[in-house]
Number of protein chains: 2
Amino acid sequence: MNTKRYRIVNYMTVDEKIIQYRPIGIIHTPFKEPKGTPIQPQGAVGIKGQIEIFDEFVEGLTDLKGFSHIILLYHFHQCQGFALKVKPWAENVERGVFATRAPKRPNPLGISVVRLVSVSGRILEVEDVDILDGTPLLDIKPYIPTVDCRQAERIGWVSGKTEKFSNVRADNRFSNKS
Amino acid sequence: MNTKRYRIVNYMTVDEKIIQYRPIGIIHTPFKEPKGTPIQPQGAVGIKGQIEIFDEFVEGLTDLKGFSHIILLYHFHQCQGFALKVKPWAENVERGVFATRAPKRPNPLGISVVRLVSVSGRILEVEDVDILDGTPLLDIKPYIPTVDCRQAERIGWVSGKTEKFSNVRADNRFSNKS
């Protein structure tokens, strides 16, 4: 740890600083419960969804329709609590939660890249959604390959397992109902 | 709007639902103020940073070191307030904020893909950081190209401007100090 370059100061304790966000809209999809929801967009190709943006934020959608893909940041609203070790869908071994895309995270934030089909008023039609119906949307960003794509040399425990993402559907292990 | 498939119900008003997150750590970088900070990782190649994870979340880092790249989700802590139309770095025309990566967003959430150099206890050494020093970290996800990369046919107003991302450094237009 190079303390000469940066002074590492834990100036913010976990309890001391709460960050508050408000949904900007709601994501509507055919997936009414965690069970059966694709775990990643590859398993959701062609699945259509609608995003409803609250009136007060609609002006912020200007210029969005020029992008073929957008990044959605959303809140995993069906998750409560979290674990630091989880068994991901792709296998049966416990992994550190930050090395997985599991929803039960300390801050249950989800991100998905989806295809933007159309923008009509406050409704976005999207495709390739792997998101639960009713999910609160926190942010939309334009998807820009030169910003968002990397040549990753190593993908750790996921190596050789990415094909499973296309086929595996969620069970209820991360739901409060399970 | 296909109301037959989904009932669009604005069941959650913006004021009614507040989502609370707590930082899991702090991002340390050489960039002490917005001015001069690269606006995207392409402009930050080789720039080293350190991420300090709070003790209670360290167990969640297990298995992370297998990944060459990670996604950081963080809070733009120097932003207060937002605009629905902003002038992005790459040009001098106002755009809808959701069609830009500008930090002054309704929910000031940032995402960056960075190279993971090492994991040592609660400290991650990373490279290619375009993030301000002291930024509160909300989540880490493994970067998996088959999940996170798309062939985008259209990148809207950004088309032809991505080279600017490598050269442009931030001014203070999104800072509270400006």
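The values are calculated or read from the model by the stated rules, or taken from the named source; none is laboratory data. Just so you know, these numbers come straight off a predicted model, no measurement behind them. Positions of Cβ are generated from backbone atoms using ideal geometry, with glycine treated the same way; all protein chains shown enter the neighbour counts.
When you look at A:V97, is it among the aliphatic types (A, V, I, L, M), touching a strand residue (DSSP E or B) at 6+ places or on another chain (Cβ under 7 Å) and crowded, with 24+ Cβ neighbours inside 10 Å, yes or no? For A:V97, the condition - among the aliphatic types (A, V, I, L, M), touching a strand residue (DSSP E or B) at 6+ places or on another chain (Cβ under 7 Å) and crowded, with 24+ Cβ neighbours inside 10 Å - is met. Only a single item in (1) at the interface with chain A (Cβ under 8 Å from one of its Cβ atoms); (2) in contact with an Asp or Glu (Cβ under 7 Å, 6 or more places away or on another chain) is not met by B:V117, and it is number (1).
Only one entry in B:R169, B:R150, B:R173, B:R122 is surrounded by fewer than 21 Cβ atoms within 10 Å (Cβ to Cβ) and modelled with pLDDT of 95 or more, namely B:R122.
Could you list all residues from the range A:51-65 that are farther than 16 Å from A:D139 by Cβ and touching a Ser or Thr at 6+ places or on another chain (Cβ under 8 Å)? Listed by number, the list holds a single entry, A:K65.
Taken over the range B:33-60, the residue count meeting the criterion of being among the basic types (K, R) and modelled with pLDDT of 85 or more is 1. Filtered by the rule that a residue be crowded, with 24+ Cβ neighbours inside 10 Å and not in a loop (DSSP other than H, G, I, E, B), the range A:127-138 gives a lone residue, A:T135. The single condition among (1) without any contact (Cβ under 8 Å) to a residue 60 or more places away in the chain; (2) at the interface with chain B (Cβ under 7 Å from one of its Cβ atoms); (3) in a loop (DSSP other than H, G, I, E, B) that A:R101 does not satisfy is (1).
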